[in-house]
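The structure under discussion appears below in the form of structure tokens.
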């Protein structure tokens, strides 16, 4: 197996740290060789707040992935998230020199650079320039301008940016372990790689990745990324509400949320109780199930309403022929898809993966969508970009390191 066919995706999340080792194949599929994970500490709302503690957790997850895949990890693709991530759409334009008419690879790089000549906050750095559409001499619908004859090349890009120091903290956390970071990838963009096929992207689709500390989203319209953002609310807020409302420890509240809770109201029988057994440091007790569900329902609805206000600003919901796809740890809560359909007024589907094989349990678990998506993202970029893409991307990343 060639080493360049092995890709490792690493997600430093609020609730967990996950490393996925995958083998990319020429038929477009990915074989998962191993998944390593560890509980996340030193991370809040998707961002590192305790460098040393987070580094130990990352080391544990990578060691677990190495043991399970029998692969020595030397480099990773790293997912980034957090409410500091912003985005915009912009068009780049470049005139072809008079001494030639054929468009070449250098022209693409120039038009991409031109699209980045846009104002972003001084503390921010570019994370992605995602191609939307090409235009050659005003002609739209161009799929690949390289080799075409033309005098002017234009291209629309979706530009994602974030606070440089916060991204740098994540990168340094990995580099301290003598692991190279090949690229940083916005987490929902990675998750979309295993959630959506080409037809869904063309019809229009919204992917919401609901993690422990954040809820990020990405929108495809006419096959191109048009909107993306991340809100600093997620599953930990639900857990905290349960802990405070029912006066139980956070660890018990987290288990209760997934194992017993639901976002649906009126589904419990009158007097239905949830029994919590005695554990060290905790006296067992009984809780009203409808009260538990009410707490979960109120917080999840609030998160959905916050997201909906974002979507309504961009008039997004009218262009989603494929509907909404939910992933991330929060998508495991019972009935969450039904509540999402009620709030957003469209079909909602829970996490599923395309063209992923090997170990079955990881890609069936929505908690791993982002890390697996990083492997798919690398495969897509290797196919779409010229040779040497990873080395050029790594050179660009030195601004963070």
Within region 297-401, helices (runs of 4 or more DSSP H) holding 1 or more residues that are at pLDDT 75 or above and surrounded by fewer than 22 Cβ atoms within 10 Å (Cβ to Cβ): 336-344, 369-384
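Mind telling me which of the residues 238, 208, 258, 218 ends up being part of a helix (DSSP H, G or I) and at pLDDT 95 or above? So that I can check it myself, show each step before the final result.
On the way: 208 fails: part of a helix (DSSP H, G or I); 258 fails: at pLDDT 95 or above; 218 fails: part of a helix (DSSP H, G or I).
Going through 238, 208, 258, 218 in turn, the sole match is 238.
Pick from 144, 124, 199, 180: which is closer than 27 Å to residue 327 by Cα and either outside the structural domain of residue 320 (by TED's automatic domain parsing) or exposed (fewer than 14 other Cβ atoms within 10 Å of the Cβ) (or both)? So that I can check it myself, show each step before the final result.
On the way: 144 fails: closer than 27 Å to residue 327 by Cα; 124 fails: closer than 27 Å to residue 327 by Cα; 180 fails: closer than 27 Å to residue 327 by Cα.
Step by step, each of 144, 124, 199, 180 is checked, and only 199 is closer than 27 Å to residue 327 by Cα and either outside the structural domain of residue 320 (by TED's automatic domain parsing) or exposed (fewer than 14 other Cβ atoms within 10 Å of the Cβ) (or both).
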For residues that are more than 16 Å from the chain's Cα centre (by Cα) and touching a residue at least 40 places away in the same chain (Cβ under 8 Å), tally how many sit in region 178-196. 4
Against the condition part of a loop (DSSP other than H, G, I, E, B) and either more than 30 Å from residue 39 (Cβ to Cβ) or at pLDDT 95 or above (or both), how does residue 107 come out, does it pass? no
So residue 259 fits all but one of (1) in the same structural domain as residue 318 (by TED's automatic domain parsing); (2) more than 21 Å from residue 341 (Cβ to Cβ); (3) touching a helix residue (DSSP H, G or I) at 6+ places or on another chain (Cβ under 9 Å); what number is the exception? (3)
Checking residue 226 against (1) modelled with pLDDT of 95 or more; (2) surrounded by 22 or more Cβ atoms within 10 Å (Cβ to Cβ), which test does it fail? (2)
Residues of region 63-101 satisfying the condition of being in a strand (DSSP E or B), touching a helix residue (DSSP H, G or I) at 6+ places or on another chain (Cβ under 9 Å) and loosely packed, with under 14 Cβ neighbours inside 10 Å: 93
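Would you be able to say whether some residue in region 263-283 is under 31 Å from the mean Cα position of the chain (by Cα), closer than 21 Å to residue 365 by Cα and in a loop (DSSP other than H, G, I, E, B)? Please lay out each step first, then the result.
Looking only at region 263-283, we keep the residues that are under 31 Å from the mean Cα position of the chain (by Cα), and these are 263-265.
Next, only the ones that are closer than 21 Å to residue 365 by Cα stay: 263.
Still in the list and also in a loop (DSSP other than H, G, I, E, B): 263.
Scanning region 263-283 turns up at least one residue that is under 31 Å from the mean Cα position of the chain (by Cα), closer than 21 Å to residue 365 by Cα and in a loop (DSSP other than H, G, I, E, B).
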Can you tell me which condition residue 161 does not meet? The list is (1) in contact (Cβ under 8 Å) with a residue 40 or more places away in the chain; (2) not in a strand (DSSP E or B), and all the others hold. (2)
With the checklist (1) in contact with a strand residue (DSSP E or B) (Cβ under 9 Å, 6 or more places away or on another chain); (2) in the same structural domain as residue 347 (by TED's automatic domain parsing) in hand, flag the one item residue 166 doesn't pass. (2)
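Take region 40-62 and flag every residue that is in contact with a helix residue (DSSP H, G or I) (Cβ under 7 Å, 6 or more places away or on another chain) and part of a strand (DSSP E or B). Lay out the reasoning, then the answer.
Quick first cut of region 40-62, residues in contact with a helix residue (DSSP H, G or I) (Cβ under 7 Å, 6 or more places away or on another chain) only: 40-43, 47-48, 51, 54-55, 58.
Result: 43, 47, 48.
Just to be sure, is residue 192 outside the structural domain of residue 308 (by TED's automatic domain parsing) and in a helix (DSSP H, G or I)? Spell out the reasoning first.
Working: outside the structural domain of residue 308 (by TED's automatic domain parsing): yes; in a helix (DSSP H, G or I): yes.
Yes, satisfied.
The values are calculated or read from the model by the stated rules, or taken from the named source; none is laboratory data. This is a predicted model, so every value here is computed, not measured. Every residue, glycine among them, receives a Cβ derived from its backbone with ideal geometry; neighbour counts consider all protein chains shown.
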